[in-house]
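Just so it is clear, none of the values below were taken in a lab; they were calculated from the coordinates. Source: prediction; values computed, not measured. Every residue, glycine among them, receives a Cβ derived from its backbone with ideal geometry; neighbour counts consider all protein chains shown.
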Amino acid sequence: MKKIIVATDFSVEADNAMHYAATAASDGKYEVILFTLQNISIHALNSRISPEGLDQLLKKYQEKLNIVSAKLSADYGIKVSPYFAMGDFYEELPKCYEEHNADMVVLGMAQKSFEQDLLGNTTTQSLHRFKFPILAIPLSVKYKGIKNILFACDIVRGVHKEVLESVKSISQDFGANVEVFHVSNKVAELKQEQINNHLKEIKQEFKGISYQYKNVQSNEILKAINIEMQSIQADLLIMVPYRYGFWASLIHKSRTRVMASSNNIPLLSLPL
């Protein structure tokens, strides 16, 4: 059985993502690991809380997680395992992922804001830092099934076999149709033979699922993706984040992070 980790801090965004993931897990026959990380506040530490008091506080956090996990399991008819951690989020989440041999992490996405564009948030930072699949759920999105998947990728670069296998697996789990979507410009037209070779690889890997390929010519990649999502009424957007060098990262704004922070459908990031 596949395992998905749902990270929660019990915020509104995290609760929405948790219920979305639980419903999807019920459809896809997934097991859920409910992950939360708690650190003792500086105010509690400054008050010189006793070891006994500290233990009681941690037990309170653990009990809350256990109660939420049990209710989630009962409400959705799925297996839910609580995972309580302390320390640094960017260190503890990968530990949980490796320990459970998970397939995906689900995170809630806050509403778009100026501060988020400037500094990012935990979810957008996670998309940049982690090398495992992350599903970002916008606050406004409720689960209504996954029937149409838009897989936006760079055909010219080619798509790694592992990524194609992941897309195919999700399509099979939910009986979804996949549209492989590529936005090209005039320069890309010069590489048509290379594109055709990559399309043959996709055809080979996608045997057994319903899919089609569409190419749109535009210099506004994000706008083209947004238009296509609306056109096919996509339930899920899948993208592959590419990693850039240090200097390039100073001037390049990751399209995957931008889409995650401004999107109104779930975004699944499949890093290499």
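Checking the table K144/K214; K131/K203; K64/K147; K3/K147; K64/K223 against a 31 Å threshold on Cα-Cα, which pairs fail? Cα-Cα > 31 Å for K64/K147; K64/K223; rest within.
Taking a straight Cα-Cα cut-off under 16 Å and skipping sequence neighbours fewer than 8 places away in the same chain, the lysines within cross-link reach of K2 are K29, K79, K168.
Relative to the Cα centre, the charge distribution of segment 148-234, modelled as +1 at Lys and Arg Cβ and -1 at Asp and Glu Cβ, gives a dipole magnitude of about 160 debye.
Sites listed here are GluC sites (Glu not before Pro) in segment 183-242 whose DSSP assignment is loop and whose Cβ has at most 13 other Cβ atoms within 10 Å: E220. Rounded, prolate or oblate: which fits segment 148-234 when a ≥ b ≥ c are the square roots of the eigenvalues of the alpha-carbon gyration tensor, with rounded for a/c under 1.5 and prolate only if a/b beats b/c? Note, shape of segment 148-234 comes out oblate.
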